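Shown next, in structure tokens, is the structure this report addresses.
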Amino acid sequence: MKKKQAEKIDEDWMSTYGDMVTLLLCFFVMMLAASTPDAAKFEQIQAGLNEGVGKQEPQPRPIEMMMVELSDDIQSMDVEDKVALGTDSQGIVLEFEGDTLFDYGSAVIKKEMIPALKRIAATLQSERYNKFIFSIEGHTSDEKFSSAQYPSNWELSSARAGAVARFFEERGIDRVRLRTSGLYDVSPKYPNKDPFGEPIPQNRIKNRRVVIHVEPSYN
């Protein structure tokens with residue numbers, strides 16, 4: 001009896017499928033390259049993946065650890081109403097609100113804030129956080145200011161950022177990890193004026209702030 005020949009399997013579809021997978025891979029690589037990485041979320045995802053593949057030992061999560069420690073620092077020094085703690089796509093954000101650190105027109109850190117700033121600096125300079133960099137921004141309101149020492153708010157906002165950087169350096173943070181910028185009023189948190197062009201004094205005070213961005217360094 002004549003044997004029936006086995007049917008030949010048509011595998012032409014595999015080349016089309018392979019092309020589609022390659023195109024999708026290229027698409028997601030381009031999306032990733034164009035996106036801004038969220039360091040905090042990346043840390044959470046990485047920890048979840050490690051747990052998912054069966055790693056028994058918990059992996060260090062420095063951003064989460066730092067958030068907890070800084071939160072404890074702020075609460076223990078009783079400055080919750082003066083220092084805001086949060087995150088952005090790059091890492092942790094510390095904001096010294098309003099005239100918390102400096103008197104009007106001054107770049108000398110207030111004496112009453114030095115203990116809290118020392119406590120925060122001690123946390124940031126810990127060995128476990130030596131892969132982080134600190135970008136310090138000085139902000140002012142749009143209110144015109146001029147003095148013999150600071151001809152304009154450009155110089156004043158830069159001096160304030162520099163004062164905080166110098167404070168951190170004196171407490172053991174290597175200056176190569178510090179960045180400073182004076183931003184005058186170019187990045188207000190609140191409107192300096194109402195729709196009729198009238199100044200909003202309370203908003204001007206809130207806009208005179210110092211912001212520290214704590215970001216992991218991948219070098």
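The values are calculated or read from the model by the stated rules, or taken from the named source; none is laboratory data. Nothing here was measured: the structure is a model prediction, and the numbers come from that model. So basically every Cβ, Gly included, is an ideal-geometry build from the backbone, and we count neighbours across all protein chains shown. The area values use the complete protein model at the heavy-atom level, side chains included, leaving out ligands, DNA and RNA. Shrake-Rupley method; radii C 1.70, N 1.55, O 1.52, S 1.80 Å.
Quick notes on this one:
- Count - residues of the range 164-219 that are open to solvent by 50 Å² or more (accessible area, probe 1.4 Å) and assigned to a strand (DSSP E or B): 4
- Failed item, numbered, when SER106 is tested on (1) under 30 Å from ARG61 (Cβ atoms); (2) open to solvent by less than 40 Å² (accessible area, probe 1.4 Å); (3) at pLDDT 95 or above: (1)
- Unmet criterion (only one of (1) at pLDDT below 95; (2) open to solvent by 20 Å² or more (accessible area, probe 1.4 Å)) for ASP142: (1)
- So ALA159, is it of a type outside the set (Ser, Thr, Tyr) and open to solvent by less than 20 Å² (accessible area, probe 1.4 Å): no
- Residue match in the range 18-38 (condition: open to solvent by 80 Å² or more (accessible area, probe 1.4 Å), under 15 Å from the mean Cα position of the chain (by Cα), modelled with pLDDT under 75 and not hydrophobic (A, V, I, L, M, F, W, C)): yes
- Among the numbered conditions (1) under 20 Å from ARG175 (Cα atoms); (2) open to solvent by 30 Å² or more (accessible area, probe 1.4 Å); (3) of a type in the set (A, V, I, L, M), the only one that ALA148 does not meet is (1).
- If the condition is being open to solvent by less than 40 Å² (accessible area, probe 1.4 Å) and on the phi > 0 side of the Ramachandran plot, then the range 75-101 contributes GLY91, GLY98.
- Entry remark, the range 75-103: residues being free of Cβ contacts under 8 Å to residues at least 60 places away in the same chain and assigned to a loop (DSSP other than H, G, I, E, B) number 8 in total.
- Every residue from the range 112-145 that is in contact with a Leu (Cβ under 9 Å, 6 or more places away or on another chain), free of Cβ contacts under 8 Å to residues at least 60 places away in the same chain and in a loop (DSSP other than H, G, I, E, B): PHE145
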